[in-house]
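Everything on this sheet refers to the single structure shown next.
We did not get these values from a lab; they are worked out from the coordinates using the rules stated. Keep in mind that this is a model prediction, so the values were computed, not measured. A quick note on method: Cβ atoms are made from the backbone with ideal geometry, for glycine too, and the neighbour counts reach across all protein chains shown.
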Amino acid sequence: MRPHVVAQVAVSVDGVTSGFAVDQARFYALATLWQEDVTLIGADTILAQEQALRSTERRAVRAAGPVLAVVDSRARVREWESLRELGYWSDVLALYADQTPARPLDSVIPELITGYDRVDLAEALELLGSRHHAQVVRVDSSGRLLAVLLELGLVDELALLVHPVVVGSGRRWAPAERYDLRLANAVEFEGGVVWLRYCMS
Ligand SMILES: NC(=O)c1ccc[n+]([C@@H]2O[C@H](COP(=O)([O-])OP(=O)(O)OC[C@H]3O[C@@H](n4cnc5c(N)ncnc54)[C@H](OP(=O)(O)O)[C@@H]3O)[C@@H](O)[C@H]2O)c1
């Protein structure tokens, strides 16, 4: 069975996902509310942090933590061991497709293969449920991966952490299509950050 899929995005008032100081502590504190079994992240989000990952202190694997699953059809991610040892996740899982380029022969990264030239996100979620016993998957994406998941009807909940700033230019989280949402909760925090939690109706 497909797990419950939630996505949380840090945005400006005009829906831009970068170019302002994200309240990271608040973002991750709120993210823990879902107690996800799997954190689903796109390769681009990991690649944006790879430089920093290389110099981050390694920690013990967090046995009780979620599994980090990275959508990486082109096998671009390299810092798997650093990710595993960030101290947040219990393990890592590479989501690949049939046509994903060959991995290093000595690679020991667990893989889940779906789709032909790109990861089949619907099948991947089903398998995360059936093989990995995931009940809750939290998506961490600024928009591209999230837009595809929304388009495929694979998102159950969406939370926006709205920061009190208008950025003006930059990539927006919102997809091009219309979605009707049902507000489940709204909380205002110190500093004017507002958390809006929606169910997909
Ligand atoms: N503000 C926030 O809350 C927030 C959260 C997360 C990340 N970020 C920032 O956002 C940036 C990256 O975000 P992004 O939106 O560009 O990328 P992303 O969310 O990481 O999504 C890109 C990933 O989605 C995959 N993908 C796209 N379409 C697909 C499809 N049809 N089928 C299967 N897989 C598909 C891509 O696959 P391929 O590898 O095949 O291209 C790629 O791995 C980074 O700078 C990061 O720091 C911000």
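Which one is farthest from residue 120 (Cα to Cα), of the residues in the range 59-74 that are more than 9 Å from the ligand (Cβ to nearest atom) and in contact with a strand residue (DSSP E or B) (Cβ under 8 Å, 6 or more places away or on another chain)? Give the steps one after another, and end with the answer.
Our first condition is that a residue be more than 9 Å from the ligand (Cβ to nearest atom); within the range 59-74, this holds for 59-69.
Filter once more, keeping what is in contact with a strand residue (DSSP E or B) (Cβ under 8 Å, 6 or more places away or on another chain): 61, 66-69.
On the way: 61: 28, 66: 21, 67: 19, 68: 17, 69: 13 Å.
Selected residue: 61.
For the range 171-187, enumerate the residues that are assigned to a strand (DSSP E or B) and within 13 Å of the ligand (Cβ to nearest atom). Walk me through how you get there before you give the answer.
Taking the range 171-187 as the starting set, the residues that turn out to be assigned to a strand (DSSP E or B) are 172, 181-187.
Listed by number, the list holds a single entry, 172.
Give the residues of the range 31-64 that are over 14 Å from the mean Cα position of the chain (by Cα), surrounded by 15 or more Cβ atoms within 10 Å (Cβ to Cβ) and within 21 Å of residue 157 (Cα to Cα), sorted by residue number.
Selection gives nothing.
In the range 75-85, how many are basic (Lys, Arg) and more than 16 Å from the ligand (Cβ to nearest atom)? Walk me through how you get there before you give the answer.
First pass over the range 75-85, keeping only residues basic (Lys, Arg): 76, 78, 84.
Now drop any that are not more than 16 Å from the ligand (Cβ to nearest atom), which leaves 84.
Here the count works out to 1.
If you scan the range 27-55, which residues turn out to be over 24 Å from residue 135 (Cα atoms) and within 15 Å of the ligand (Cβ to nearest atom)? Explain how you work it out, then say what you get.
Residues of the range 27-55 over 24 Å from residue 135 (Cα atoms): 44, 47-55.
Residues satisfying the conditions are 44, 47, 48, 49, 50, 51, 52, 53.
Out of the range 115-170, which residues are within 10 Å of the ligand (Cβ to nearest atom), acidic (Asp, Glu) and touching a residue at least 60 places away in the same chain (Cβ under 8 Å)?
140
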